[in-house]
1. Given the residues Met224, Met273, which is the only one that is touching a helix residue (DSSP H, G or I) at 6+ places or on another chain (Cβ under 7 Å), of a type in the set (A, V, I, L, M, F, W, C) and within 18 Å of Ser416 (Cα to Cα)?
2. Please verify whether Tyr438 is out of contact with any strand residue (DSSP E or B) (no Cβ under 6 Å at 6 or more places or on another chain), open to solvent by 50 Å² or more (accessible area, probe 1.4 Å), in contact (Cβ under 8 Å) with a residue 12 or more places away in the chain and closer than 28 Å to Met512 by Cβ, treating the condition exactly as stated.
3. How many residues does the range 705-715 hold that are open to solvent by 10 Å² or more (accessible area, probe 1.4 Å) and not in a loop (DSSP other than H, G, I, E, B)?
4. Going residue by residue through the range 369-385, is there one that turns out to be part of a helix (DSSP H, G or I) and over 30 Å from Ala564 (Cα atoms)?
5. Being open to solvent by 20 Å² or more (accessible area, probe 1.4 Å) and in contact with a helix residue (DSSP H, G or I) (Cβ under 7 Å, 6 or more places away or on another chain) narrows it down to one of Pro253, Pro288, so name that one.
6. Quick check on the range 348-368: of everything there that is in contact with a helix residue (DSSP H, G or I) (Cβ under 6 Å, 6 or more places away or on another chain) and assigned to a helix (DSSP H, G or I), which residue is modelled with the lowest pLDDT?
7. For the range 424-434, name all the residues that are among the acidic types (Asp, Glu) and in contact with a helix residue (DSSP H, G or I) (Cβ under 8 Å, 6 or more places away or on another chain).
8. Run down Ala725, Ala670, Ala718 and say which single residue is open to solvent by less than 50 Å² (accessible area, probe 1.4 Å), in contact (Cβ under 8 Å) with a residue 12 or more places away in the chain, of a type in the set (A, V, I, L, M) and in a strand (DSSP E or B).
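The values are calculated or read from the model by the stated rules, or taken from the named source; none is laboratory data. Since the structure is predicted, the reported quantities are computational estimates derived from the model, not experimental observations. A quick note on method: Cβ atoms are made from the backbone with ideal geometry, for glycine too, and the neighbour counts reach across all protein chains shown. Surface accessibility is based on the protein's heavy atoms, side chains included, excluding ligands, DNA and RNA. Shrake-Rupley method; radii C 1.70, N 1.55, O 1.52, S 1.80 Å.
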Amino acid sequence: MKKNLLFIFFSVVIFSNVHAQLKEADYRKQADEVRNYVWGWKIKAFDERNVPMEYTKYSKVILAKHEEITGLTKSKIKWIGFGVAAQRDLTYTHTTRELIKINDAAALEEYSQIDYQKFAQQHNDKLTTFLGVRVIKPDGTVKEINPDEIVLTDNTGKDKKAKLAVPDLEIGDMIDYFIQTVEFYDGGSLLDIENFVFADEDPVFHFSVHIEASDKLAIEYRSMNGAPDFKVSHDADNNTVMDAEQNKIAPFPVSLWMSPFRQIPILRFHMVMGYKGVFAGRINARKPGEIYKDLSPDEIVQDYDILLKPQITFTRQAASQVAGEISKYGKVYLDNNGGGSLKNNSPAVYYAARHYFLMRPDLTNVTVVDSRRNNISPDFPFFLCMLEGLFSYFGINSQIVLLPSKYGPRANEVMSKADYGLALLTDDGHIYTAETFYDSPDLIPYYLEGQQGVTLDYSMKMTGAKSEQGTYTAKNSSAIQNVQNEDLVISFDPAEPQKIIVDRKTTLSGLMKEDAQKKLLLYEDWYDEERKMMGIKNSFTDELHDSRKGKKIVDEYTNAFAEARKQWKDNFKQEITDQFDVIPDEVMESKVDQCGIFDLKPDFIYNSKFTVNAWIKKAGNNFILEAGKMIGPQLSLKPEQRDRKVDVYMPHARTLRYNLQIPVPAGYTAEGLDKLNTSIDNAQGSFVTTAKLDGALIKITITKTYKTSFVKVADWPALLSMLDAGTAFGDAKILLKKS
């Protein structure tokens, strides 16, 4: 271990100068030393050049992969208030090297250019990245890519991003590359968990992991789903050394409806700063030099509890300071929507808090008003803690709920606070999350559905917040709650057949809303709907004109809204492209009718009218309508995905319904409608279509239902039959015959 730690130690001196000055010459010098170090690894698998012929059917073959992590600590003294405290800083180095055989165009495109971050600095944490690339030709010729060919794509002072093109890389070549990231952390910083995945869509001949950690660090790790275990040893200085490896890893499906942490072999690893001082028990600290294998989930719950307690203590006190405003907004909301008391109505308190903290316009500075705002989460977990305090103030008991993601570790295998999602459960029967600004009660993220979690019920004592633990299992939503309904009127003029006109109304409910809301909602629109429901008379513009900031802020917001509206039109065009897999020639109309941000008006409804040059072919005097393509592409499985060996984790149960109306042009008749009637219905899903002629109007209804989000592998054939029916419908056609 001393050799590696010495290499890192001497690197620190140069890295520190790199970060202080960001001098390219210093970076180049250190990059050369790093390349010499990594290319000098004595790992036999990287000398392998023989790939048997039977492996040419795969996009790529990973002949060797090695990941190395080192953690070096050093003490320093920092001034804390009127005294000093020892703080231990960490240099964390992670190197990944791969040797890959390129077998097809997809792999060639993937590795023809490598993007990476050269420098980054945020507060007191710093990062530097080094890259090395070699191309190995079939005749054994090795060419190392010149680092001078690196191109900076972002050259800001504390943030430099780069890319390196890999010239002359061809199908049949091998690429041997590494990326080394060196991170400098302040003593209080937390490292992310490393996940070493012993699986790939393509075969892996050799994968190894090597870790070296200072004896001042604590190690947490867990081997999951058949991944190899670490072999643990210690060097002469009692530093921790850990190794794991596996050979001949067969191709494994990792992309379609998988829960990675529950199905794929993963070795999870976490390095933390150890502490055994006087407050170690109070903060649930890990001990220096200790190795925590398969850490109990109770420890992670305790970590979260320690994080939340001071926030709950603060927000319980702060709630009284804003309760007057919340009461005012909440009572108006109730008066406008059926009446009632705040003490018995957590949704009213929630909507009032959402308006007060998240939706009120900032009349002093121009904030983000385009679709980027939809991807911003409320201050987390502060907003939920504040909501908990307000509920308590108004006499509504609530509990914090920690729920694991169904795409993350099982409840008994969590390793980090990040493995939990956060929700708030009230005694009046509602559950709340803080994923977006426009969440609604009882609509939790799909990845938390059906998961068993832990509740923390807080009460205030003299020393602050205290918690009592319990359990909670989140419900699964049904297919009828999550619906995408598309009403489509599709018409064309035989004199101009290339111009198909689509008049579309989309209605989304439940968990089908969020993606489209993030693309298509504008703050200007959803605030207008929100203020009306909350009884706010003045529009955003009215409030701006009443602002003391004057004309300047009005003009700035006016320009921001105009720019957002321009982008919004492009977003509508992209949404149409994503849904139908065709680029519209023209979007003639686009409008949001209902934002779907209140449980009393839950659906997201929008309209669009556009033209496409698609879905119709001329056949002599007749026309062929590709009706199956008018609802967008259906999932088509690759041959290797059909023979499934593991259970199916889909996002959620859902219903997709399409109602097509196609006016038959004068002088034409419609033939082949009988072939568009399909009915596949089983316990896992259904695909049902009906087609008929109603006067001069073709009416087609397609309903595709995923009845559950989880399917046992034994029931995969039933789901597969529904998917195949959808794929087959994609080829459905109607003949419009000249009379």
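1. Met224
2. Considered against the rule, which asks whether it is out of contact with any strand residue (DSSP E or B) (no Cβ under 6 Å at 6 or more places or on another chain), open to solvent by 50 Å² or more (accessible area, probe 1.4 Å), in contact (Cβ under 8 Å) with a residue 12 or more places away in the chain and closer than 28 Å to Met512 by Cβ, Tyr438 comes out as no.
3. Adding up the residues that qualify gives 6.
4. yes
5. Pro253
6. It comes out as Met359.
7. Initially, the range 424-434 is screened for residues among the acidic types (Asp, Glu), giving 427-428.
Listed by number, the list holds a single entry, Asp428.
8. Just a single option satisfies the conditions, and that option is Ala670.
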